[in-house]
Every structure is written in structure tokens, then in C-alpha cells.
1. Please arrange A:175, A:605 by how many other C-beta atoms lie within 10 Å of their C-beta, fewest to most.
2. Within the range A:1-42, whose backbone N sits under 17 Å from a point 7 Å along Cα→Cβ of residue A:129?
3. According to a simple spin-label model (label point 7 Å from Cα along Cα-to-Cβ), what is the distance in nm between residue C:21 and residue C:53?
4. Please compute the average number of Cβ atoms from other chains found within 10 Å of each residue's Cβ in peptide C:25-35.
5. Across the residues of A:612-621, average count of Cβ atoms on other protein chains within 10 Å?
6. What is the average number of partner chain Cβ atoms found within 10 Å of a Cβ in B:36-44?
7. Hey, can you rank C:48-55, A:48-55 by average C-beta count inside 10 Å, highest first?
8. As a footprinting exposure proxy, order A:376, A:127 by other Cβ within 10 Å, with the fewest listed first.
């Protein structure tokens, strides 16, 4: 027990320590020292998480209790209470961590991927003047993200939730001298805030109705709440998830967030922070399972987001923007899974997505690094000969995200699509369309970047080992990641689902009764379609030698998509403009005509009153005495006769 | 001696209270009435004494020597206060050549 | 015996009025001495012999003599006496009278003034007061000496002839830099 507590404290404690030390000594740490220190801290944190994982053997507990119980067995989760944090009236919120299958999974993802990306950053950020600041912030991010996933109550999670939002803001605007980047950072922050309002309101509602914010206690009392109330709570929580995980209508910040350094995009905006919304819903799966309306909302929000952003991705020319839209689209798929109640599939996809999307982002970073900052894929091409490691790993990542068996993406995406098929074939078709679009734009990206002839000017070179090593590790993970949750049909026994079932109530409900034949057929269909899309993309883009036209020269419908369905313009017209109009009106009428005269007159009258009162201060002592006596008389009279 | 002792409490306590009220009011009116600083100081002494008298009367009627000890302390404070007050008065006479309290009107702002 | 009380009361009130009303400061002092003596008589009536003696010594003997000295030192008399305007005087008398009525009204409002039942005639004797003073109130008694010291030092400091302080040259110093004194008034704003 003691070691568990110690390890659980060390996991978030080490990155925090790293962040504080690096921030305090950022002038003293020269060269790679900050990077080394930050990376060491996260790696140590990963080791601690791994030890915790091995120590916390829930699967055997599960087997003892018998599989497929309705509720997770006793001992599946372990609460580590550090100290009593808030204790007011009947509100008791300890600063506690919940160690169970779900948080351990997320901890391993965060620290594992985080370690690799830290390592990668040493090479990537090598030339930057503020490299120490970068590592301090990204370490702080790791700490906040760990708080988020480890919290034993909503409040600790919320602290982490806000912490990652802050770090995201700081890191998007890391190169703050470019105004556009600052704007992107602000946009991300504000959009996240909108979601956070929903989250906070949800917390308030939960506390009001159950009197507690600790997960286990809330979930115990969830059954006694009425369905409309639960729908309200879950919708509010979902708003929070929308903001953080960049779903419609709040997704527009994520593509802009690519302004940050590429490792940041990989860690925060692909692998970890944006999955916080999915984590939250899985954590609260008890509540969501009891609110069918919310589940439908989640499902269709995810689906529309996935379709919309996948279509935008096809027309993007910035290598990171393509990946960003792909991320939003994949997150949409995860929400589809959540809406279908397939929580373990969603978590499985979170995991594999973390592998291959981090890989793709890091690969993109490597390409950008190789080309000296160029991000436009129209000016790339033919890089496969120059940057071999990057090419091979990027290819693996692309194959994984496209869902080519037996890579990790195939299994995780297939699990979601099967769940969709169980609901309705139409839903299956929609998710299929998403994955085909994904496949198309990813191969477009791959072919434009690495095939054909080089269309740019800068001299390309391969990245250093600190950058390629994480790529290779992530490539291996992307290949074998499917083993984590190998479905029954190919001889596995879905270990991850079994593992996660010990943590979240909802997961036990999802038992597929699909026949093996249907499953095989769907898998085959998916694979065939994806392969044909790849061929299509190859014919269209691989041999390309000329630049694509600008967005304005495209036909009307394509132009609409390339302009991101005019969503930014729509928001601008619907929200920004009226808001600006209101502000201006309030300024010209309320401020100028009402408040300013009020203020000025207040000041003027105060001055006048002061001038009048100054006469009382004559300096004549008899007068003061007289005043004193009158005061005493009045005071005595009031106390004696008034009371 | 015995006569005096038996005489105690013949006079109602209320009369002492009223007497000290009157003396106090006279002292206070005097503070406002006069401009001569030295008379104002004397009126303050008068007010001190009315309070002393009240304390002593209550002390005697309630058989508590503590009240009289208090009177003693008030006398100490009054003596110290008069010393400083008169020193200020001498200073004032020397600097503005007057004992008129209205001359000390620069105590504003 | 109570006639003696009313006699003393009348004397003290009349002399107090005379203190306020008299135009000559010397007359005021004499009236105040009379007033204090009558108050000493009250103390004796209350069998507070210790207080009576201390009162005569401290007030009549020390404080009032100090007043007299100061008046003679400053050469105050009727002609130098500043006078207040009639309005102020009326206001002062009215305020005093109002104050008195408020206090008397307070008595009538039911402030309970009764003597305690158990009674010790020897309360005011030196023995009893001394025991209290050097027992319970020993620390304040000792501390009051500090107060006296402070008052003494203060009085001496205030009373000394103030001449302009000697310049640094007179004191044998050569100023190494301009004195900061004298820069204040120019910058000060009123």
C-alpha cells in the first residue's frame, strides 16, 4: 500500500518537479540540459506508472470474481488520498487519486507517448532560444494531464482539465512574436472556456443533487436520479468534452492550434489533451449509460464532426492542418463509439490513435525540420529518398490510420464500425465513409510529400537520432498496438476490454452477439474499399510534379469544403459580429451616455461635498469641542431613548 | 470618627451621582465657554474630579477599595497631564504670545 | 449629617461655576482650590481618608500651585483675558445644560443605582486601600512611574528655551554634502 501511494504521488509529482526546476533555472540550464531533465522526469514518471500497472493486478481480481459481472469487483480501484483539500460544511473534497484500469491506461499513454515526444523535442527544439521555457511548459502539461486522468473526484479532474487548457494556450502561442499564433492561442483558450462552463455547471448540478463529487460516490447515487436530471448533467459534461476534444461546434480551434511547435501538436493536440473529453465520458459512463438522449447527442455530434472534418482534410495543403482535421475526425469517431455505448472501443481507439497520430505528427515535424520550416505539401515531394526513416515510419503511421490489417488502426476502427453496424447499417456506411475519406487524405498527404518529384527549394536532410528514435518506437507501437485488444474472431480475447471493464461500469454492457460471418464480411468489405481508395489516391497524387491550384480556383462545392464549410465565417457572422455590434452599442450608449456622466458627476459631487465639509475643519479647537459634545449628547440620547 | 462612619450611607447614592453629573457638565461647559487655555485645563481638572468623586462614592457604597485605587491612578494621570499641558502652554505663550486657544488653529489638513 | 453633604455640594457647585465665570485667571484658580477642598470634604464624608489626604496633597498642594505659578509666570490678568462671542457662550451653556439633562434623563430611564447590602465602613481607610494598591494593582502602580518619567522629560523638553540648532560648522563638522533639510518645503504641496 505504501509503495502504491508513493508511486501514485510520484507519477504526477515528477513532471511537476521538472516543470518547477526548469522554470526556476531556465537561465542556468544551457543547451540540452533542460530537455534532458524534462525528459528524465517524464520517463521516470512512465516507469512509476508501469510499476503501478504491474502492481495493480486487477485482471486476476476480475477472474476471481468471475467475468462479466454487472459491476466492477471490489479491489479493482484503489484510492490514494494525499490530503483533505476542501472541507466546507457538508462538502468534503479530498485531494485524491483513483488508481484503476482506466486511469492506469491513460497514465501509461500520457507518460509513455509523453516520454517519446519529450525525447523528440530535444532534437526538434534544439535551436530555439526559449527551449527551457518550452520544456517547463510541456512538463507542466504532463503534470496537469496526469492530474486530469488520476483524479478521484470531479474537482481534481477539473484542476487538471484547466491546467492542460492553460498549458495548451501557452504552448500554442509559444512563438508569441507572431500575432497570428497569439490569435490561435486565444481562440483555443476561449473555445475551451465555453466548454469549461458546461463542465463546471455539470459539476454544480452533480454536487447539488448528490452532495458529493467523488466519482465512486456519485456513481453509487446515479441510479436514484431521474432520467431528465441525468440527461441534463450528462449534456453539460458533454459540452465540456466538446470543448476539450474539439467537436462540432467548437472544433475550429484545433486546426488553428497547429501554430504551436510540432511536438506540442503531437502530444497535446493529438495524443493526450484532446482525448480528455473521451476520458471524461468513459469515466462517467455510469451516468451516460443512464441517459439515452445524451448518448444519441454524443453519437450524432461525433458522426457529423467526423464527416465534416474528414471532408475538409481532403482539401488542406498544410501538412499539420491535414493531420489536425484528421485528429478531429478521429475524435469524432471515438464519440460515435461512446454514443453507441462502446466505451472500451473508444478507449482502444484513443490508445491506438495516440500511437499513430503522435507518429504522424512527429513524422510531419521531422519533414518540416528537414525542409527548414516548410509546411505546404504542395512544395514537397520526392522525400522518400532523402529522409528514409521518416518516410518508412510515416508510411506505417498512414497505413495504421487508414486501417490496413493487421496494423493497430484496423482493429480499433473496426471495433467502432462493428458497433455502428449493430445499431444500423446506415451508421456503418457513414463511419465507413469517414474512414475512406481518412484513408484518401492521408494517402494524398503521403504521396504529395514523399512521392513524385521535389517541388520546393530548401535543401532536405534527415533528422537526428533523438527525433527518429521516437518515430521508430511509435511505428512499432502502431504496428503491434492491435494486440492490446485483439478481437475474438482472430483468436484474441479482447484483453483491453476485459481490463477496462474493471474500471467503468458501462463496459460490461457491451456484448456483441454478431455472428462471425458478418464480422468477417464487414472487415473484408472495409479492407477492399480502403485498398481501392489508396489506388485512387496513388493515381491522382503520386506522380504529381506541378502545384495544386489555390482554393479560389476550385469548383464551387470543393471550394466550399476547402473553405472549411465556411464555418469560421459562419461563427463570425453569427457570434462575433453581433457581439461586436452589442459591444459597440453598449459602448456608445451605455458607456458614453450613461456610465461616464454618472462617474463624472459622482466625482464632481464628491469634490463639492468635500469642499463643503472642509469648512468644518476650521482649526478652531472650541468648535471641535463643541462638535464633540453634541456628538456625545446625540450618542447618549440614541442609546438611552432610541433603544 | 465613629460619627462620620455611621453617617455614611445616610445620603442616598443618587445624590452623589447627580452632584458629579452637575460638576462634570459645568466643567464641560467651561471648556467650551472659555478661550483661555489655562482655564480650559482647569475645567478638565474639574471634570476629572467629578469622575473621581463618583468612583469614590460607588467604592464606598459597595465596599470595594478597587474604586479608590482607581481614583488614585486617575490622580497620577491628571498630574502628568497637567505637567505636559502647562509646558505646552508656556511654549505657546512664548511662540505666539497668547494663551488664546483659537490661536492654535493650524491643526487642520 | 446629610446637611454637611448638601453644604459641601453647594460649595463645590458654586465655586465650579465661579471657575468658569470669573474673568480673572487668578480668581478662577482660587475658586478651583475651594472646589477641590469641598470635594476633599466629600471624600471624608465617604470615609475615604486616604483619598482625601492624597487629594489635598496632589491637587490642592501640587497641581493648583503649578497653575498659579504658570499664571504668574505668564503674567496673565483680566486685561489679557481673551473673550468669546456671545453666541458661542450661549451655545456652550446650552450644550452643557443639554448634556446634564441627558445624563439626568439617563438616571430616570432606570439605571439601577443602589448600594450593596453588605457594608464595610473601613473601605476607604489607608489599610484597606494600601492592601489593594500593593497587592492587586502593584504592577500598574510601578508602571505609572514610567508615565511620570515620560511626563517629566516631556515637560522639560517642551519648556526649554528653543534657539535655532547650531550649524554644522559651529559644532566642528565640515559638511561632506548638502544637507537634505530644506528640500522638503519647496516640494511640499498644500
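1. A:605, A:175
2. Taking a point 7 Å out along Cα→Cβ of residue A:129, the residues of the range A:1-42 whose backbone N falls under 17 Å are A:26-31.
3. About 3.7 nm separates the two model spin labels.
4. Partner-chain Cβ atoms within 10 Å, mean over residues of C:25-35: 3.
5. Per residue, the average neighbour count from other chains is 4.
6. Other-chain Cβ atoms within 10 Å of each residue's Cβ, averaged: 6.
7. In decreasing order of mean packing, C:48-55, A:48-55 become C:48-55, A:48-55.
8. Ranking A:376, A:127 by Cβ neighbours within 10 Å, fewest first, gives A:127, A:376.
Bear in mind these aren't lab numbers, they're just calculated from the coordinates by the rules spelled out. Nothing here was measured: the structure is a model prediction, and the numbers come from that model. Note that each Cβ is placed from the backbone with ideal geometry, even for glycine, and that neighbours are counted across all protein chains shown.
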